[in-house]
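Undergrad: Mind having a look at this structure? Questions to follow.
The values are calculated or read from the model by the stated rules, or taken from the named source; none is laboratory data. Here the structure is a predicted model, which is why all the values come from computation and not from measurement. Surface areas here come from the heavy atoms of the whole protein model, side chains and all, with no ligands, DNA or RNA. Shrake-Rupley method; radii C 1.70, N 1.55, O 1.52, S 1.80 Å.
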Amino acid sequence: MNDILINVISIVVTSVVIPLISIGGTQLIRLINSKIKNNEVNKHLTLATEIVINAVRSVFQTYVESLKAEGKFDQASQIQALTKAKDIALSQMNSEVKKFIEDNYGDINNWLNIQIEASINCLKNR
């Protein structure tokens, strides 16, 4: 009787438990990989956003404020400020961040325009 019970338990373990462990292991690997991917996405997006905000602050402090004080901040100056902020941001971004933006958002210049305008709006409302 003991031999039969041991054989049944062995068959159950072999046919049910081991595949469940394999499936669980596969799911765990997928979960870990998704977390790694999400962390990479988060890292690149956070870095890119911080770079844009710092570029906007820098241009505002060194260029915009002085023109506003002189009453010379016109449409042409706004375009120049945007260009300066984009140039600063692009110079600060490494190739990984640029590639991430292009792969996930398309044209990096369009993404920068949107982010700079959003950053300006946030800084104005503080």
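Undergrad: Under 25 °C and 0.890 mPa s, how fast does the stretch 43-122 diffuse according to Stokes-Einstein, given a Kirkwood radius computed over C-alpha pairs? Answer in µm²/s, whole number.
TA: D = 190 µm²/s.
Undergrad: When the accessible area of the stretch 47-87 is split by element with a 1.4 Å probe, what percent falls to carbon and sulfur?
TA: Working: 1300 of 2540 Å².
After summing per-atom areas, the C and S share lands at 51 percent.
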